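Below is one structure, written out as structure tokens, with a few remarks after it.
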Amino acid sequence: MMKRFDTWAGLVFLLIGIAFVVGSTKLSTSAFGSNVGPDIFPMALGSIMILLSARLMFETFKAPVAPKQQAHVESAATVEEDEATIPSKPNYKGFFLIFGAAFLYAFFLEDIGYPIGTFLFLLFAFQVMERGKWLVSTIIAAGFSLGIYYLFVKILQGTLPGFPSFIPL
């Protein structure tokens, strides 16, 4: 079942990725004097989708077909394999917490700016996914939010909401 689903999912995402790349060629290349135009994001997104779907389909075809369940033999290896194949229960609470945080992130992005908003959103999402590990979560959230902001604004000369006016930088 999973192999068939993965094959179809890979094909659908491949077609969506191709549609994004083709559609992005019809957009203008720059806006308002910026080197990063509206065509860059859909082109990059489509390219990433094509690469990831190609990898998914490759791994699906490469994976061996799972044999039918044989007689259950009690051993440590069999118990571990059985536990690995049992589907886990969906975490609806975590999903809705992160979904709500994403809504608040988008709503307050202009007011608090990209670096602070992204940092807070990522820190919250990391803690919802795995509680504890504050230091690691803080380092990753800060590195990502500041790194992407620097890359996009300074190197690519694009525009993102900066720091709020009450923080003099």
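Can you say whether F163 is part of a loop (DSSP other than H, G, I, E, B) and farther than 22 Å from F96 by Cβ, as far as the supplied structure shows?
On the way: part of a loop (DSSP other than H, G, I, E, B): yes; farther than 22 Å from F96 by Cβ: yes.
Criteria met by F163.
For region 128-138, indicate whether the set of residues that are under 28 Å from D39 (Cβ atoms), open to solvent by less than 50 Å² (accessible area, probe 1.4 Å) and not in a helix (DSSP H, G or I) is non-empty.
To start, the set of residues in region 128-138 that are under 28 Å from D39 (Cβ atoms) comprises none.
So far as region 128-138 goes, no, none of its residues is under 28 Å from D39 (Cβ atoms), open to solvent by less than 50 Å² (accessible area, probe 1.4 Å) and not in a helix (DSSP H, G or I).
Please verify whether region 72-90 includes one or more residues that are within 25 Å of the chain's Cα centre (by Cα), part of a helix (DSSP H, G or I), within 30 Å of F126 (Cβ to Cβ) and modelled with pLDDT of 60 or more.
no
Go through G17, G37, G33 for me and flag whichever is at pLDDT below 75, open to solvent by less than 40 Å² (accessible area, probe 1.4 Å) and either assigned to a helix (DSSP H, G or I) or not acidic (D, E) (or both).
Working: G17 fails: at pLDDT below 75; G33 fails: open to solvent by less than 40 Å² (accessible area, probe 1.4 Å).
G37 is the lone residue from the list that is at pLDDT below 75, open to solvent by less than 40 Å² (accessible area, probe 1.4 Å) and either assigned to a helix (DSSP H, G or I) or not acidic (D, E) (or both).
For region 111-143, name all the residues that are under 18 Å from K154 (Cα atoms), of a type in the set (G, A, S) and modelled with pLDDT of 90 or more.
Applying the first criterion (under 18 Å from K154 (Cα atoms)) to region 111-143 yields 113-116, 118, 142-143.
Narrowing further to those that are of a type in the set (G, A, S): 113, 142-143.
Result: A142, G143.
Got at least one residue in region 92-105 being in a loop (DSSP other than H, G, I, E, B), open to solvent by 70 Å² or more (accessible area, probe 1.4 Å) and either among the aliphatic types (A, V, I, L, M) or at pLDDT 90 or above (or both)? So that I can check it myself, show each step before the final result.
Of region 92-105, the ones in a loop (DSSP other than H, G, I, E, B) are none.
No - not one qualifying residue is present in region 92-105.
The values are calculated or read from the model by the stated rules, or taken from the named source; none is laboratory data. All figures in this text were calculated on a predicted structure; none of them were measured in a lab. Don't worry about glycine lacking a Cβ; one is built from the backbone with ideal geometry, like all the others, and counts go over all protein chains shown. For accessibility, only protein heavy atoms count, side chains too; no ligands or nucleic acids. Shrake-Rupley method; radii C 1.70, N 1.55, O 1.52, S 1.80 Å.
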